[in-house]
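Worksheet: the structure to be examined is printed underneath.
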Amino acid sequence: MNHQTSQIPKLLVVSGPSGVGKGTLLRRVFAESGLPLTMSVSVTTRKPRPGEIDGVHYQFLSTEEFETKRNAGEFLECFEVFGKGTWYGTLRHTVEKGLAAGNWVVLEIDVKGAKAVKEQFPEAVLLFIEPKNVEVLKERLLGRGTETEEAMQRRLATALEELKHAQEFEHRIINDDLDVAVKQFISCILTP
Ligand code: 5GP
């Protein structure tokens, strides 16, 4: 697919519960949309998982380093996503630099972050990715096996809580059939 990219760069905010397959969906959208999409790399205080690279998947910081940036007002939004002192945030600079370069900047952040971004960038397009049902989500989260039981339960609780906010998003995409979801996502972001 190759679309006219002469449109104004857009800020796209993608939310949805952990385990819904946002990463896989976004990789397909990046490969197939023909748009100059760029992922905003978030900052987090969580420890890297095996295979995660600093500066690529996240910028991994200590709680103190994160706090310093927060106090300096460097974050467009930041939240303690799963409780227990794990912080995630989007740097203002990352978004502004991406848009200034003519890219469409994609933020993959939680629902609280999405609302905070929308308040500051009313033109941002908000997309919510949903599972077919809660059972599918539970299976995917359990199957991941990268975390402790306690961390998993916290993620599940957060995921169920996030699902309640789906109706606040402009676009809702059910990630059941991946091909359909990819097409739907691209069509949503190309809507003027
Ligand atoms: P992970 O599985 O990478 O530990 O956590 C991902 C969760 O944190 C996802 O729900 C994602 O949406 C959220 N998240 C990642 N980066 C950010 C961010 O910069 N800001 C906010 N508010 N949430 C984020």
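For the chain, which longest stretch is free of loop sites, where a loop site is one of the trypsin sites (Lys or Arg not before Pro) that DSSP puts outside H, G, I, E and B and that has at most 10 other Cβ atoms within 10 Å?
1-83
Give a quick list of GluC sites (Glu not before Pro) in segment 59-141 that DSSP marks as loop, anything other than H, G, I, E or B, with at most 15 other Cβ atoms within 10 Å.
Working: sites: Glu64, Glu65, Glu67, Glu74, Glu77, Glu80, Glu96, Glu108, Glu119, Glu123, Glu135, Glu139; in loops: Glu74, Glu123.
Counting only loop positions with at most 15 other Cβ atoms within 10 Å, the GluC sites (Glu not before Pro) in segment 59-141 are Glu123.
Two decimals is fine: what's Rg over Rh for the chain, C-alpha atoms, Kirkwood radius as Rh?
Here the Rg-to-Rh quotient is 0.94.
Of all GluC sites (Glu not before Pro) in segment 150-192, which ones are in loop regions per DSSP and have a Cβ with at most 16 other Cβ atoms within 10 Å?
Sparse-neighbourhood loop GluC sites (Glu not before Pro): Glu170.
Keeping the other protein chains in place, figure out the carbon and sulfur percent of the accessible area of the chain, with a 1.4 Å probe.
53
For the pairs Lys22/Lys138; Lys10/Lys97; Lys97/Lys118; Lys115/Lys183, flag any whose C-alpha to C-alpha distance is greater than 20 Å.
With Cα atoms farther than 20 Å apart: Lys115/Lys183.
Using only Cα atoms, locate the centre of segment 1-75 and the centre of segment 124-171, then give the distance between them in Å, rounded to an integer.
Using only Cα atoms to place each centre, the spacing works out to 17 Å.
Give me the lysines in straight-line cross-link reach of Lys84: C-alpha distance below 17 Å, same-chain residues under 8 apart excluded.
Cα-Cα hits under 17 Å: Lys47, Lys112.
Leaving out ligands and nucleic acids, and using a 1.4 Å probe, what accessible area per residue does the chain come to in Å²?
The answer is 52 Å² per residue.
Given +1 on the Cβ of Lys and Arg, -1 on the Cβ of Asp and Glu, and no further charges, what dipole in debye does the chain carry about its Cα centre, rounded to the nearest 20?
About 140 debye.
If you build a Gaussian network model of the chain, linking Cα atoms that sit under 10 Å apart, which residue out of Leu178, Leu35, Leu163 swings the most?
Leu178
The values are calculated or read from the model by the stated rules, or taken from the named source; none is laboratory data. Here the structure is a predicted model, which is why all the values come from computation and not from measurement. When we count neighbours, we look across all protein chains shown, and the Cβ atoms used for this are built from the backbone with ideal geometry, even at glycine. To get the accessible areas, we keep the full protein, side chains included, count just its heavy atoms, and leave off ligands, DNA and RNA. Shrake-Rupley method; radii C 1.70, N 1.55, O 1.52, S 1.80 Å.
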